[in-house]
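> Could you have a look at this structure, given as structure tokens, before my questions?
The values are calculated or read from the model by the stated rules, or taken from the named source; none is laboratory data. Remember, it's a predicted structure, so these values are computed and weren't measured experimentally. Ligands, DNA and RNA are excluded from the accessible area calculation, which covers all protein heavy atoms including side chains. Shrake-Rupley method; radii C 1.70, N 1.55, O 1.52, S 1.80 Å.
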Amino acid sequence: MPADLHTRYTEAHRTWADHADDCGTCTPTQHACPDGARLWGRFSRLQDAYLTHLRKKGAS
């Protein structure tokens, strides 16, 4: 599961970064369109999940 989570997290980041590069309203650090909001939300949720996983792993 952690490897899968990392893969999904990095893919979400790549998808977001590609969108932000091509979108006329979004920036690399902030969404400004409906598609950007959806992509940013997915990236943020997966980033939180991955960082939580790392914290728990370090606490073990």
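> Rounded to the nearest whole Å², what accessible area per residue is found for the chain with the 1.4 Å probe?
On the way: 4250 Å² over 60 residues.
Each residue of the chain exposes 71 Å² on average to a 1.4 Å probe.
> Still on this structure, please answer the following. Given a 1.4 angstrom probe, I'd like the percentage of the accessible area of the chain that is carbon and sulfur, rounded to a whole number. Please report the intermediate quantities before stating the final value.
Working: 2300 of 4250 Å².
For the chain, the apolar C and S fraction of the accessible surface comes to 54 percent.
> Follow-up. Hey, if we sort TRP40, TRP16 by accessible area with the 1.4 Å probe, largest down, what's the order?
Values: TRP40 70, TRP16 5 Å².
Output order, biggest surface exposure first: TRP40, TRP16.
> What value in Å³ per residue do you get for the convex hull of the alpha-carbon atoms in the chain? It would help to have the intermediate numbers written out before the result.
Values: hull volume 4.0 nm³, N = 60.
In the chain, the Cα convex hull volume per residue is 67 Å³.
> While we're on this one: Solvent-accessible area of ASP48, probe 1.4 Å, all protein chains present, reported in Å² to the nearest ten, please.
90 Å²
> Once you keep just the Cα pairs under 8 angstrom separated by 6 or more residues, what percentage relative contact order results for the stretch 14-57? Before the final figure, lay out each step's value.
Values: 24 pairs, mean separation 11.8, N = 44.
The normalised contact order for the stretch 14-57 reaches 27 percent.
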